[in-house]
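Right, one structure below, let's go through it.
The values are calculated or read from the model by the stated rules, or taken from the named source; none is laboratory data. All values reported here derive from a predicted model rather than from experimental measurement. When we count neighbours, we look across all protein chains shown, and the Cβ atoms used for this are built from the backbone with ideal geometry, even at glycine. These accessible areas exclude ligands, DNA and RNA; they are computed on the full protein's heavy atoms, side chains included. Shrake-Rupley method; radii C 1.70, N 1.55, O 1.52, S 1.80 Å.
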Amino acid sequence: MKKVIGVLVLFIGVNAFAQKREMKNEMTPDQMATLSTKKMTLALDLTESQQAKVYVLQLENATERQAKMKARKDGREDKSTKHLTSDQRYEMQSKMLDQKIEQKKKLKSVLTNEQFEKWEKMPHHRRGDHHKGKHKKGDKKGNKNKEQDND
């Protein structure tokens with residue numbers, strides 16, 4: 001009886017995890033672009049014309065990202081691209097950085113200098129930073145270093 005309950009609990013847990021994963025990728029590029037534009041509008045006080053331009057940029061990005069995710073998913077299912085060579089990895093990262101530079105240039109042409117500086121300081125647009133936490137290096141518990149500076 002314990003084994004049956006254990007297997008049942010395990011099955012339910014795996015099933016719930018699989019459903020959460022599927023739900024995560026349900027947004028269309030249009031929805032992603034709309035949400036991203038609205039967040040930027042709230043954070044940067046974008047004008048109507050800026051919103052329209054940012055939406056087009058975000059839609060381009062979301063469409064490209066979705067196509068790349070689909071290609072990676074198909075590659076994983078085929079198991080043909082399981083391990084990338086160092087040259088392939090370099091090429092992929094180089095293309096990604098080129099796209100980020102191009103996106104930044106386009107965004108800079110749409111935003112005012114003040115808005116662009118504010119956008120640069122926003123941590124959520126930089127992909128890798130959310131893994132590192134909110135604290136600066138050496139700042140273990142909140143704003144300890146700022147308190148010392150104020151003394």
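Summary table
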item: Packing rank of 88-100, 56-68, 109-121, where each peptide gets the mean count of other beta carbons within 10 Å, highest leading; result: 56-68, 109-121, 88-100
item: Area accessible to solvent at Asp87, 1.4 Å probe radius, in Å²; result: 120 Å²
item: Listed residue pairs exceeding 31 Å between alpha carbons, taken from Lys2/Lys73; Lys73/Lys121; Lys39/Lys100; Lys73/Lys118; Lys3/Lys73; Lys73/Lys104; result: Lys2/Lys73; Lys73/Lys121; Lys73/Lys118; Lys3/Lys73
item: Local electrostatic count at Thr37 - Lys and Arg +1, Asp and Glu -1, tallied over other residues with Cβ under 11 Å; result: +2
item: Glu64-Asp98 pseudo-label distance in nm [points 7 Å out on the Cα-to-Cβ vector]; result: 1.0 nm
